[in-house]
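K.L.:
Sending over a structure as structure tokens; questions will come in a sec.
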Amino acid sequence: MLTVMELLSMPLFRNFRLVSGYGGLYNRVSGTGIFEWESSYEVERNFKRGEFVVTTLSLSRGDAALAESSIRMLIDKKVSAVAIKDIYYQEISEELKSYSDERQIPVFFFSDTFFDDIIYTIRNALLARNRDFSRDEQIEFLLDSARSPEQKRKKAREINPFFHSSAICCFGTQKDGSQWQKALKLPQMNPEEAVYSILEYRQGVLVIFTSNEPIPDKLPYGNLVSRQEEKLMLFLEESGLKGSLSGLGISSVVRCPENLGTAIRESLYANASCLIDHLDELRFMDSGLDRILMPAKENLWTKKYYECLLSKLTDYDARHGAKLMETLLEYVKNSGDIKQTAKNLYQHGNTIRYRLEKIRNLLDLGEDGADCLAQLYIFVRLHRIYGM
């Protein structure tokens, strides 16, 4: 899937001037077409829905009425956009702008770009591999904490130059490969109010949703929902993404574009929590201890802590044929309920108590019951996080 908005984020289109049809920036681009000498009959026969049409209007130079009639014919064909090289015309009438706005077909003017370069760029952009590779690099750049705010602002504008100042992100795992694209329905939105980008990343789909809504003074928890989140969830529903993706991780609202990387990370972390706990969706702000553990998983000291405890348990199990690790995982899964743990493992309750005491001693967790339980829970949660 390629949209007009995605094309505008590419360097070749940076100097294209949008004069009308703002509401059609998310029109799908299926190909390219050149309009120069075609009659109305040839327009009807040769141009297809979704084509990005470039023209100089050379056939109608000196005849503005004919030029505008030609553009109307292309708009009626539901092309994705019309881009006019400003050799003979540098503007269109207010009537034509209104016609373009009503039908949501963007009209652009541009100066120095060659037709061949436009066609070549769009053809390459229609090859998903080329787009996805470049998008991965852009997202990784935003996630890099060593980058300056100014660098991140610039990179965010490369993804979408129309991003608003308030952003919220959602990351979901693809259920059936790239089948989500076939079910995708891009709802028409007013870009003056909300602008979004949909990007394939890793094994999922990232939605960056920006709006002109003010950033909340307090982060919403539980049943409290921000206006940005309401709009995002409505968009996910209308676009079909909610039904095509699993484990929807929702970020908090951030100031865009300098903090966009933070929102992306939160959506990735919340998605990981969803997959661990088999949830349909989860806000990062509602993910409990994972708000600490997910960001800490790459920390060297966190890894050393986890690996130290893990090696003690797995080495003991291997040497003695014990099942301490299995018991601990089931015990934490059942929220410390020894009776349920014993039932699930087909063991006597005293056997479970013996194993738990062995685990405490082996891991040297001390006599403090609360501290011991906290460490056991954190260890098991890290085990699930690292096991993804």
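Read the figures in this text as sums done on the coordinates, not as results from a lab. From a predicted model like this one, the values you see are computed outputs, not experimental measurements. Using ideal geometry, Cβ is built from the backbone for each residue, glycine included, and neighbour counts are taken over all protein chains shown.
K.L.:
What ratio of Cα Rg to 2.2 N^0.38 Å holds for the chain? Working shown, then result.
P.N.:
On the way: Rg = 27.5 Å, N = 388, 2.2 N^0.38 = 21.2 Å.
Ratio of Rg to 2.2 N^0.38 Å for the chain: 1.30.
K.L.:
Another question, if that's okay. Show me the trypsin sites (Lys or Arg not before Pro) within region 201-251 that DSSP assigns to loop and that have at most 16 other Cβ atoms within 10 Å of their Cβ. Spell out each step's value before the answer.
P.N.:
Numbers: sites: ARG202, LYS218, ARG227, LYS231, LYS242; in loops: ARG202, LYS218.
Taking region 201-251 and a limit of 16 other Cβ atoms within 10 Å, the loop trypsin sites (Lys or Arg not before Pro) found are ARG202, LYS218.
K.L.:
If one computes P(r) from the Cα atoms of region 9-116, what percent of pairs lie at distances over 15 Å?
P.N.:
On the way: 3421 of 5778 pairs.
Within region 9-116, distances greater than 15 Å cover 59 percent of Cα pairs.
K.L.:
Follow-up question, since we're still on this one. Picking from THR55, VAL29, GLN104, whose Cα lies most toward the positive end of the charge dipole for region 4-125 (charges on Cβ: Lys, Arg +1; Asp, Glu -1)?
P.N.:
So the residue furthest toward the plus end is VAL29.
K.L.:
Can I ask one more? Counting residues in region 300-386 as N, plug N into 2.2 N^0.38 Å and put the Cα Rg over that result.
P.N.:
Dividing the Cα Rg of region 300-386 by 2.2 N^0.38 Å gives 1.03.
K.L.:
Within region 141-175, what residues put their amide N at less than 11 Å from the label point 7 Å along the Cα-to-Cβ vector of GLU298?
P.N.:
Counting backbone N atoms under 11 Å from the label point, the list is 141-147.
K.L.:
Holding the Cα-Cα limit at 31 Å, pick out from LYS242/LYS303; LYS297/LYS323; LYS175/LYS333; LYS312/LYS333 the pairs that are longer than that.
P.N.:
Numbers: LYS242/LYS303 34 Å; LYS297/LYS323 26 Å; LYS175/LYS333 26 Å; LYS312/LYS333 20 Å.
From the list (LYS242/LYS303; LYS297/LYS323; LYS175/LYS333; LYS312/LYS333), the Cα-Cα distance tops 31 Å for LYS242/LYS303.
K.L.:
Just the Cα atoms of region 128-295, one point each, no solvent: what log10 I(q)/I(0) does Debye give at q = 0.08, 0.10, 0.12, 0.16 Å⁻¹?
P.N.:
Log10 of I(q)/I(0), two decimals: -0.21, -0.33, -0.48, -0.91.
K.L.:
What angle do you read, to the nearest 10 degrees and between 0 and 90, between the alpha-carbon axis of helix 349-362 and the longest principal axis of the chain?
P.N.:
80
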